[in-house]
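One structure below.
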Amino acid sequence: MSATAALKQEHRVIEKMLKVLFAATQRLQAGEDVDPEILRKAVDFIRNFADRCHHGKEEDNLFPAMESRGVPKFGGPIGIMLVEHDEGRRHVRELAAALDKYEAGDRSPAVKSSIIAHARGYAQLLSQHIEKEDSILYMIADDVLSDTDQEDLLTIFDRIEEQTIGHGEHEEYARLPEELERALQRQAARA
């Protein structure tokens, strides 16, 4: 497996969490409550699996490897991806702030609207971002990186998973979207 193939696999997991976020916001928009723990676990997933681990692999390893092979950091796909990573972080900060209020019992329309806006903003951004990485950026990486580069990156990625999120946690995070989807379904069945 190549490093870019491993990153694409992580994209499939992230896409599942984006569906969970969308389903949760649909419930909120319909005037229903969502268990704050579901939303808190989604934010944790985004911060740790999607950002610290996945985006960390890209920003600290893949992008510099591509740069070393002549792909410019700015004025092209790498620069765009970096801007979008930062935009995603802004959405997550705002989502987490609104979620703090929601968890504290503030179920006002303003708080729910903020959760909906930032969860959907993040989901829409990341959906488009993933498409660009899969169909443009990673293809460029595959063209410029040697097999040895890809193997070296995979070794580094394994180390990042251990050091950044902990032993066995990468797999736990990979299962989380389906667990949260089932939790939302159980909550809907009880409503």
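The values are calculated or read from the model by the stated rules, or taken from the named source; none is laboratory data. All values reported here derive from a predicted model rather than from experimental measurement. Glycine gets a Cβ as well: all are built from the backbone with ideal geometry, and neighbour counts include every protein chain shown. Just so you know, the surface numbers come from the protein's heavy atoms only, side chains and all, with ligands and any DNA or RNA stripped out. Shrake-Rupley method; radii C 1.70, N 1.55, O 1.52, S 1.80 Å.
Residues that are open to solvent by 80 Å² or more (accessible area, probe 1.4 Å): which helices (runs of 4 or more DSSP H) entirely in region 83-191 hold 3 or more of them?
On the way: elements: 109-132, 138-144, 147-160, 169-190.
In region 83-191, 109-132, 147-160, 169-190 are the helices (runs of 4 or more DSSP H) which contain 3 or more residues that are open to solvent by 80 Å² or more (accessible area, probe 1.4 Å).
Going through region 64-82 one residue at a time, which ones are out of contact with any Phe, Trp or Tyr (no Cβ under 8 Å at 6 or more places or on another chain) and either under 22 Å from residue 39 (Cα atoms) or surrounded by fewer than 17 Cβ atoms within 10 Å (Cβ to Cβ) (or both)?
64, 67, 68, 69, 70, 72, 74, 75, 76, 79, 80, listed by residue number.
Give me the pairs, please: first residue somewhere in region 77-104 and in contact (Cβ under 8 Å) with a residue 60 or more places away in the chain, second residue anywhere and in a helix (DSSP H, G or I) and surrounded by fewer than 19 Cβ atoms within 10 Å (Cβ to Cβ), beta-carbon distance under 6 Å, and either six or more positions apart or on two chains.
Qualifying pairs under 6 Å: 77/136; 102/36; 103/36.
Looking at this structure, is residue 23 in contact with a helix residue (DSSP H, G or I) (Cβ under 9 Å, 6 or more places away or on another chain) and closer than 23 Å to residue 153 by Cβ?
Numbers: in contact with a helix residue (DSSP H, G or I) (Cβ under 9 Å, 6 or more places away or on another chain): yes; closer than 23 Å to residue 153 by Cβ: no.
No.
Kindly provide the set of residues from region 120-167 that are of a type in the set (Gly, Ala, Ser), over 18 Å from the mean Cα position of the chain (by Cα) and over 16 Å from residue 6 (Cβ atoms), ordered by number.
As a first pass, look at region 120-167 and keep what is of a type in the set (Gly, Ala, Ser): 121, 123, 127, 135, 141, 146, 166.
Next cut, over 18 Å from the mean Cα position of the chain (by Cα) only: 141, 146.
Scanning region 120-167 gives a single hit, 146.
Filter region 1-38 down to residues that are assigned to a helix (DSSP H, G or I) and either of a type in the set (D, E, K, R) or over 28 Å from residue 162 (Cβ atoms) (or both), then give me how many there are.
Start the filter on region 1-38 by keeping residues that are assigned to a helix (DSSP H, G or I), which leaves 3-29, 36-38.
The next check asks that each one be either of a type in the set (D, E, K, R) or over 28 Å from residue 162 (Cβ atoms) (or both); those that pass are 8, 10, 12, 15-16, 19, 22-29, 36-37.
The total comes to 16.
Whether any residue in region 49-56 is in a helix (DSSP H, G or I), free of Cβ contacts under 8 Å to residues at least 40 places away in the same chain, closer than 30 Å to residue 146 by Cβ and more than 16 Å from the chain's Cα centre (by Cα) is what I want to check.
Narrowing region 49-56 to residues in a helix (DSSP H, G or I): 49-56.
From what's left, free of Cβ contacts under 8 Å to residues at least 40 places away in the same chain: 55.
Within this subset, residues satisfying the condition of being closer than 30 Å to residue 146 by Cβ are 55.
Narrowing further to those that are more than 16 Å from the chain's Cα centre (by Cα): none.
Taking every residue of region 49-56 in turn, none turns out to be in a helix (DSSP H, G or I), free of Cβ contacts under 8 Å to residues at least 40 places away in the same chain, closer than 30 Å to residue 146 by Cβ and more than 16 Å from the chain's Cα centre (by Cα).
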